[in-house]
Amino acid sequence: MLVSTVGAVILLAAFFTVAFLLITDLTFLGFWGHFDVARQNFKIHFDEWNAKRLKAKAERRDIAKERLEKRRESRSGKVTIDAPTITIGDARKTKAVEKTTTGTGSFDPFSTNEANITAEDENDVPPTVKVPEIAENELAAVAAAGRSSETAKGQSLDIPITPPKTTGDLGADNNDTPEFNEEPGEIEIGSSANAFERYVLPSSQLLTPAPPHIEHKRKELIKIADSLIEKTREFNVSGRVENINPGPVVTTYEFKPDPGVKYSRVTGLVDDLCLALQAESIRIDRIPGKAFVGIEVPNQRRETIYLRDVIESKKFRDSASLLTIALGKTIDGHNYVADLAKMPHLLIAGATGAGKSVGVNSLIVSILYKAKPDEVKFIMVDPKRLELGVYADIPHLATPIITDPKRAAISLKWAVTEMERRYKDLAGYGVRNIDGYNLEARRRNSLEQWDDNGDPHRILPYVVIIIDELADLMMVSGKEVEDSITRLAQMARAVGIHLVLATQRPSVDVITG
């Protein structure tokens, strides 16, 4: 026999294990990665428990030391101090008390009458105390006893104060904001229906006003149009300019080719027109709905588009959606707004300096001008700790701004759980989307048809999840983030959860789904 029975069993088990790994996508690294979030969460809770345990142990040790010092002083019989007696009947009267020294007896730091004194009487009128002359060693003993007495009193007033939550801090001691933990179903987004009744939307006067509009001279526009017609004729592409639409950045010349001129011959003149007009770049494309070819020529003086102009426009004011976004202006100079609820998710990509942060800030400010804190909630993930920090104090935040990638993975898992719970609520109401659910909830509340617990029906707010740098998040917590983003992108639209992802490189290793 080449191998024994035990060896045959080992080889057979190894063969089946290798075969199972080859026919499936299971990897040890991926299997082990599922426990990363659990380990991180356990470490956080263990550190918090250990810190509390050490603090309690230190307090008990201090109390034991104080008791030991008091016993030693009592046994030595050097000094005893009788606490002052204060008459409570008249708050303005105090009684002088003498400190006496006795050779024997027990040490009583507080008299019976002092226990009946309220804190207000002690703060208003301090007692008058007469201190006799004592020796230096006795004076030192008195001072030590006084310090230990003050320490014992101060322990009852030493109330720990939780510091304000900073970026990415989701400690368990914060009761004002929801915490993302391994049981995300316990998190409650939104508040009562009447919490923000008197909330006033911000005024557009807070934004920077736009300077006067740059007027383009008609002679200059006509001159460029003549140059276009002349240059196209040199290449046997005859036609005429029917209309000129000056915009803030480019001017569109509507060129109508003569009969028999192919569209491809016009688009082939891009480089020649750039040389003729001394322009950096020219774009030629069809104009939808018209029999014209649009030739876009950059303006010599670019006009800066201010957000205030778009927010004050009729399109933005008349939009009924709470997720209306002021994106800017079209090439013709018309204000352009969009509805995030209809997109329903948004990917912002571009190199450094391309305007990703400007787009994200415009999106956030636009929603702040449309929705109250109980109507839209934000979950912001900012790994760079720079771009979204200015929004740390807005009431629309469902949680403090997240900077830790592990916390971001937990928050996305909570969003998936919230999505599933909302789908159950929608099915219970027999509606198809969040708007129908909120409409039905308001109708039942107006008729005082409360829920099973006797409370008003909860109004679901929209949830907008903004991730500033997705590539960095995918490098640290790729598997957890990828699964959550894929599920949210597929199903979260109907329940009012929307994703806004910004990244410098939208490659396949970043946008994996």
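Can you name the number of the only condition in (1) assigned to a helix (DSSP H, G or I); (2) more than 18 Å from P202 (Cβ to Cβ); (3) β-branched (V, I, T) that V431 fails?
(1)
Of a type in the set (K, R), under 49 Å from the mean Cα position of the chain (by Cα) and assigned to a loop (DSSP other than H, G, I, E, B) - does that describe any residue in the range 282-297?
Within the range 282-297, one or more residues are of a type in the set (K, R), under 49 Å from the mean Cα position of the chain (by Cα) and assigned to a loop (DSSP other than H, G, I, E, B).
From the list I325, I311, I295, which one is more than 23 Å from P211 (Cα to Cα) and modelled with pLDDT of 90 or more?
Only one candidate passes the filter, namely I295.
Out of (1) out of contact with any Lys or Arg (no Cβ under 8 Å at 6 or more places or on another chain); (2) modelled with pLDDT under 95, what's the single condition that is false for P344?
Every condition holds for P344 apart from (1).
Please go through the range 458-483 and give me each residue that is at pLDDT 90 or above and out of contact with any strand residue (DSSP E or B) (no Cβ under 7 Å at 6 or more places or on another chain), ordered by number.
I459, L460
Test N194 against the criterion of being within 30 Å of R407 (Cβ to Cβ), at pLDDT below 85 and in a loop (DSSP other than H, G, I, E, B), and give yes or no.
For N194, the condition - within 30 Å of R407 (Cβ to Cβ), at pLDDT below 85 and in a loop (DSSP other than H, G, I, E, B) - is not met.
Among the residues in the range 445-457, are any out of contact with any strand residue (DSSP E or B) (no Cβ under 9 Å at 6 or more places or on another chain), in a helix (DSSP H, G or I) and surrounded by 15 or more Cβ atoms within 10 Å (Cβ to Cβ)?
Yes.
Go through the residues of the range 237-256 one by one and say whether even a single one is out of contact with any strand residue (DSSP E or B) (no Cβ under 8 Å at 6 or more places or on another chain), exposed (fewer than 15 other Cβ atoms within 10 Å of the Cβ), at pLDDT 90 or above and over 30 Å from T304 (Cβ atoms).
No; the residues of the range 237-256 include none that is out of contact with any strand residue (DSSP E or B) (no Cβ under 8 Å at 6 or more places or on another chain), exposed (fewer than 15 other Cβ atoms within 10 Å of the Cβ), at pLDDT 90 or above and over 30 Å from T304 (Cβ atoms).
So how many residues does the range 341-361 have that are basic (K, R) and over 18 Å from S321 (Cα atoms)?
Qualifying residue count for the region: 1.
Hey, any hits in the range 44-59 for a residue that's under 30 Å from P405 (Cβ atoms) and modelled with pLDDT under 75?
no
Output the residue which, of all residues in the range 245-274 that are part of a strand (DSSP E or B) and farther than 12 Å from V293 by Cα, is nearest to the chain's Cα centre (by Cα).
Per the stated criteria, the residue is V250.
Name, by its number, the condition in (1) in contact (Cβ under 8 Å) with a residue 12 or more places away in the chain; (2) outside any strand (DSSP E or B); (3) among the aliphatic types (A, V, I, L, M) that does not hold for A320.
Unmet condition: (1).
Looking at R422 and the list (1) farther than 30 Å from F35 by Cα; (2) over 15 Å from the mean Cα position of the chain (by Cα); (3) crowded, with 17+ Cβ neighbours inside 10 Å; (4) of a type outside the set (A, V, I, L, M, F, W, C), which single condition is not satisfied?
(1)
Yes or no: K370 within 29 Å of L439 (Cβ to Cβ) and among the charged types (D, E, K, R)?
yes
I'd like to check something: does the range 63-72 contain any residue that is outside any helix (DSSP H, G or I) and at pLDDT 50 or above?
no
The values are calculated or read from the model by the stated rules, or taken from the named source; none is laboratory data. What you see is a predicted model; the values in this text were computed from it and never measured. Every residue, glycine among them, receives a Cβ derived from its backbone with ideal geometry; neighbour counts consider all protein chains shown.
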